[in-house]
1. What distance in nm lies between label points placed 7 Å from Cα along the C-beta direction at residue 254 and residue 360?
2. May I ask you to give the percent of accessible area on the chain that is carbon plus sulfur, with a probe radius of 1.4 Å?
3. Calculate one ³J(HN,Hα) per residue across segment 339-349 by plugging θ = phi - 60° into the Karplus curve 6.51 cos²θ - 1.76 cosθ + 1.60, and present them in order as whole Hz with x for glycine and proline.
4. Using θ = phi - 60° and the Karplus relation 6.51 cos²θ - 1.76 cosθ + 1.60, list the HN-Hα couplings for segment 248-263 in order, rounded to whole Hz, with x at every Gly or Pro.
5. Cross-link candidates for residue 228: which lysines have Cα within less than 21 Å, leaving aside residues fewer than 8 places away along the same chain?
6. Using 20 Å as the cut-off for backbone N distance, which residues of segment 215-234 belong to the label zone defined by a point 7 Å from the Cα of residue 161 along Cα→Cβ?
7. Filter the GluC sites (Glu not before Pro) in segment 248-305 down to the DSSP loop ones having no more than 14 other Cβ atoms within 10 Å, then list what survives.
8. Between residue 121 and residue 81, what is the spin-label point distance in nm, taking each point 7 Å from the Cα along the Cα→C-beta axis?
Amino acid sequence: MARRGTARGLAAVLAVPLLLSACGGGSGGGTTSGDSGTLRVLDYYNSEPNATLWNDAIEACGTEIGVEIDREAVPGETLIQKVLQQSSSRTLPDVLMLDNPDVQQIAESGALAPLGDLGIDSTGVAPGVLEASTYEGELYALQPVTNTIALFYNKKILEEAGITPPTTWEELKTTAAALTQGDQYGFAMSNINTYEGTWQFLPFMWSNGGDERDIATSETAEALQLVKDLMEAGSLSQSSVTWSQADVADQFAAGNAAMMVNGPWNFGTLDAVEGLEYGIVPIPAPTPGGTVVSPFGGEAWAVPQTGDEEKMQKAAELVQCLNKDETQIEVSVATGTVPTKPELADEVVAQNPNLATFAEQVPDLRARTGQLGPEWPEAATKIYTAVQNALVGGMTPEDALRQAQDG
């Protein structure tokens, strides 16, 4: 899922220490990386099941390539600050995990090594996934698994109402209205004024032809009007402007929403609710048979420019190992994610059928940074600002989008 965007000034902040480290000091004039037989790894997998799962995968790959692993896991919100500090002190790790929207900004700073120069093979990975980790024609990170969002529905509620899940925007409006009664809303999604709100709006915007390079278009206005119509009809709670994706999952789990837009990271929450039976289908398309285009989340593994060529080559071997088929399948099944190699989808879905809808989307998933690269955070802010102004600020979608775009 989307976590947060890197600060706009990151590249500029990183550039000075990187330049200094290239000029001299330390062994080879680069980043100090310690024992030649040990690889330092930095990630933010510090909660279960990811903490143990990824630690085991990293250790197994270390054994496979013949190195010891010195792994550090930090809270997600502190990772970029940690990278800044390590760059300044010339102590960048040998292998660095990044949230995929951050890769291009870190690459722009010069902190990462192009994976092509290190012989890494990305064959079979979905094009959109590779695009997110590519900067100026060079691939800088490789992502083993991904996630996205879809439409969850309460099977019992829809069956009792004699309703099937919607496939188009018009069906979504009529279905949500029919399922709204008492304290139960027909539909829920996060419209919060953070990157989570943008993440949840993107499938509606992109599937209708909207473009983050200019959000003040009729295509994006139509998508925002859909959400506004759902709220004005009472099918979507006004409180959704303050709900995170976790809050939306809680509302759905409690029976306060018959349908929701959300991701597979909520399987644990939902499966813990006794008697809750849910199904998952693609987010409705603007028109019958239309293609739904959603963003993808997940983390990618990169090799920092440490100045130690031998260790960088070993680090590349570790990244390659973490992206091999066996690892993708094992991690996907255990964490409710899907492989970034579409050819592995069938094997994963056979073990966890709930992943089917998410796996089907992988070939059409789009990188948030695909159009704007390091400038994506600015566009993401414009999008969630416009959504808020249209839903609770009394503005029309057209005016809200125009104001946010002109900023």
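The values are calculated or read from the model by the stated rules, or taken from the named source; none is laboratory data. Being a predicted model, the structure only gives us computed values, none of them experimental. Every residue, glycine as well, gets a Cβ built from its backbone with ideal geometry; the counts of neighbours run over all protein chains shown. Heavy atoms of the whole protein, side chains included, go into the accessibility calculation; ligands, DNA and RNA do not. Shrake-Rupley method; radii C 1.70, N 1.55, O 1.52, S 1.80 Å.
1. 3.1 nm
2. On the way: 7320 of 15790 Å².
Carbon-and-sulfur percentage of accessible area, whole number: 46.
3. For segment 339-349, the Karplus-derived couplings read x, 7, 9, x, 5, 8, 4, 4, 5, 6, 5 Hz, x marking Gly and Pro.
4. 4, 4, 5, 4, 5, 5, 7, x, 8, 9, 7, 9, 8, 8, 6, x
5. Filter leaves 173, 382.
6. 226-234
7. Details: sites: 274, 277, 299; in loops: 274, 277.
Within segment 248-305, the qualifying GluC sites (Glu not before Pro) (loop, at most 14 other Cβ atoms within 10 Å) are 274, 277.
8. 4.2 nm
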